[in-house]
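The values are calculated or read from the model by the stated rules, or taken from the named source; none is laboratory data. From a predicted model like this one, the values you see are computed outputs, not experimental measurements. Quick reminder, even Gly has a Cβ in these numbers, built from the backbone with ideal geometry, and neighbours come from all protein chains shown. Heavy atoms of the whole protein, side chains included, go into the accessibility calculation; ligands, DNA and RNA do not. Shrake-Rupley method; radii C 1.70, N 1.55, O 1.52, S 1.80 Å.
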Amino acid sequence: MQQAVVIGYGSMGRRHVNALESLGLDVSVLSRRDIEDKKTYSDFVELYNNIANAKDTYIVVANETACHVKSLRSIIAAGHVGPILIEKPIFSKSEVIDLRSNYRIFVGYNLRFFKLVTILREKLDGSNIYSASFSVGQFLPTWRPGRDYSKVYSASVDQGGGVLRDLSHEIDLLLWLLGPIKRVVALTGCSGVLLGDSEDYAHVLVEGFHFRAATLYLDYLDKNNRRTLTFQSDRGTLTLDLIAGTLTENGSLVCSMSADWDDICQQQHRAALSGETDIICGFKEGCEVVRVIEAIEESSETGLWQNL
């Protein structure tokens, strides 16, 4: 039985553990806590001393964003050679990591595996795209029922929270669907509605090399819960509503389906384990998302366009 280790046991860590166990892997957890019914290790030394062939295991980094770079450096220092999946975003800020060419590192932008996104990408292929809009919002206190939202990483800059990193799926999808970005200008900030010091809204205008204009709107404030992608091209209008699970073209329904997040998580892990890189986000792509985030932050601070 292939072995896997999940670092961190928050909501995403638990989802990864469940998905990997469903795929038949022998899963251990690296966490500061003892977890009932799970093999748990407190640090990398204990982990590598107790798991046979530990350097070949599949490792999933799912702790706080601010801890990702330290975890990755510890994995590399231990001589790990197996595949690694790092939850999104890959890092809180751009980092220089010395990697051998044979490292297999992926980033957890799993919306790429939602079937409606795949169909959308196929329909966009070959289109002349004039403009696009990416919009996502959900009221942060409703994200994790039963938990004080002000105590979770989303509300904290130091822990890597804020809409630009927390909701960076949209930035990844923009790059994956439309191609590289030429420059951005943005307004971001804290509305004062929520507790915490992370930004709770971001308005971004984007110019690309292969598209004229796109907008990104991300927030923790929307009590209606929205997640839509709209594209204007020489073939008309395509709109994907990820909440409703619908894809429409020129006002007509193309297809509809709800997202099975457990299945999507499993698809992502299969791709990482098999090395199938057609869909899964790679290391360089994950780092490019962070570079875009930093350009957005710089633009919001200076009020100027930022080139990428």
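Numbers below:
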item: Cα shape, the stretch 59-107, gyration tensor, a/c 1.5 rule; result: prolate
item: Accessible area of the chain divided out per residue, in Å², using a probe of 1.4 angstrom; result: 46
item: Normalised contact order of the stretch 81-122, rounded percent, pairs of Cα under 8 Å and 6 or more residues apart; result: 47
item: Distance from the stretch 50-105 to the stretch 159-224 (C-alpha centre basis), Å; result: 26
item: Positive minus negative residues near I171 (Lys, Arg vs Asp, Glu; Cβ under 13 Å); result: -3
item: Total charge dipole magnitude, the stretch 149-308, about the Cα centre, Cβ charges on Lys, Arg, Asp, Glu only, Debye to nearest 20; result: 260
item: Environment charge of L238, counting only residues whose C-beta is closer than 9 Å and scoring Lys/Arg +1, Asp/Glu -1; result: +1
item: Relative contact order computed over the stretch 148-273 (Cα-Cα under 8 Å; 6+ residues apart), in percent; result: 15
item: Gyration tensor verdict on the stretch 61-168 (Cα atoms; rounded if a/c is under 1.5, prolate if a/b is larger than b/c, oblate otherwise); result: oblate
item: Dipole magnitude of the stretch 129-184 about its Cα centre (Cβ charges: Lys, Arg +1; Asp, Glu -1), debye to nearest 20; result: 60
item: Long pairs among K70/K284; K93/K223; K93/K284; K88/K284, criterion Cα-Cα beyond 21 Å; result: K93/K223
item: Dipole moment magnitude, nearest 20 debye, the chain about Cα centre, only Lys, Arg, Asp, Glu C-beta charged; result: 220
item: GNM flexibility winner over the chain from V27, V289, V60 (Cα, springs under 10 Å); result: V27
item: Size descriptor, Kirkwood hydrodynamic radius, that averages inverse alpha-carbon separations across the chain, Å; result: 20.2
item: Net charge of neighbours whose Cβ lies under 9 Å from the Cβ of G82, counting Lys and Arg as +1 and Asp and Glu as -1; result: +1
item: Percent accessible area from carbon and sulfur atoms, the chain, protein chains only, probe 1.4 Å; result: 47
item: Taking the stretch 81-212 and dividing mean pair separation by its residue count, relative contact order in percent (alpha carbons under 8 Å, at least six apart); result: 23
